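Asker: There's a structure below that I have some questions on.
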Amino acid sequence: MHNKELSDLKTINQQVMIDLIGEDQAEIAHFQQQFLLQAKTSLQHIAQLYRQEQFNKIKDEAHFLKTSAKAIGAELCAYHLQTLEHASLAQDKIKCKHHIQNLSNELKQVYLSASG
């Protein structure tokens with residue numbers, strides 16, 4: 001994320017998937033739906049880990065999901081996951097909560113973007 005400003009990041013950068021698998025819109029939609037299913041499970045897990053204050057596991061889960069977010073071009077999700085990784089490394093519960101909320105909101109935007 002260092003090479004892009006936050007304002008340059010997109011909810012879904014379609015070009016990432018086009019570069020990866022081509023312009024098959026059905027296949028792109030399939031990958032986006034798979035990501036959203038994974039993200040829903042991961043977000044629930046992250047929330048549970050947050051309540052248990054298991055910051056190392058939050059970091060691991062965020063890192064795992066960030067890889068998938070980058071693969072489908074969900075740039076803002078990847079950014080929020082990166083910030084969550086940093087906050088969990090610092091064991092900053094307040095910042096973690098803020099980043100989890102931002103991630104949740106951005107995942108809703110990804111859903112709307114992928115559905116539209």
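Asker: Mind ranking Y79, Y50, Y111 by accessible surface for me, highest first, 1.4 Å probe?
Answerer: The residues order as Y111, Y79, Y50, largest area first.
Asker: Ranked from highest to lowest mean number of other Cβ atoms within 10 Å per residue, what is the order of the peptides 97-105, 7-15?
Answerer: 97-105, 7-15
Asker: Among (1) 1.04; (2) 0.96; (3) 1.10, which is the computed Cα Rg over 2.2 N^0.38 Å?
Answerer: Comparing each candidate, only (1) matches the computed number.
Asker: In degrees from 0 to 90, rounded to the nearest 10, what is the angle of the helix 75-89 Cα long axis to the longest principal axis of the chain?
Answerer: Between the helix axis and the principal axis of the chain, the angle is about 20 degrees.
Asker: DSSP loop GluC sites (Glu not before Pro) in the range 45-94 with at most 16 other Cβ atoms within 10 Å of their Cβ, which ones?
Answerer: E53
Asker: A further question on this structure: Using only protein heavy atoms and a 1.4 Å probe, report how much of V16 is accessible, in Å² to the nearest 10.
Answerer: Counting only protein heavy atoms, the figure is 40 Å².
Asker: Angle, helix 55-72 long axis vs. longest principal axis of the chain, Cα atoms, 0 to 90°, nearest 10?
Answerer: 10 degrees
Asker: Which of L20, L65, L36 moves most in a GNM of the chain, Cα contacts under 10 Å?
Answerer: Largest GNM mean-square fluctuation: L20.
Asker: Pairing the Cα long axis of helix 93-115 with the longest principal axis of the chain, what angle in degrees results, from 0 to 90 and rounded to the nearest 10?
Answerer: Roughly 20 degrees, rounded to the nearest 10.
Asker: Mind ranking H86, H45 by accessible surface for me, highest first, 1.4 Å probe?
Answerer: The most accessible residue leads, giving H86, H45.
Asker: Ok, one more. Given the protein chains as shown and a 1.4 Å probe, how many square angstrom of D19 are accessible, to the nearest 10?
Answerer: We get 110 Å² for D19.
Asker: Could you give the dipole magnitude of the chain about its Cα centre, charging the beta-carbon of Lys and Arg +1 and that of Asp and Glu -1, in debye to the nearest 20? Show your work: numbers first, answer last.
Answerer: Numbers: 12 positive and 13 negative charges, 113 e Å.
Result for the chain is approximately 540 debye, rounded to the nearest 20.
Asker: Here's another thing I want to ask about it. Got a sec? What order do K66, K59, K40 fall in by accessible area at 1.4 Å, biggest, i.e. largest, first?
Answerer: Descending order: K40, K59, K66.
The values are calculated or read from the model by the stated rules, or taken from the named source; none is laboratory data. Please read these numbers as outputs of a predicted model, since none were measured by experiment. Heads up, the Cβs are rebuilt from the backbone with ideal geometry, glycines too, and the neighbour counts pull from every protein chain shown. These accessible areas exclude ligands, DNA and RNA; they are computed on the full protein's heavy atoms, side chains included. Shrake-Rupley method; radii C 1.70, N 1.55, O 1.52, S 1.80 Å.
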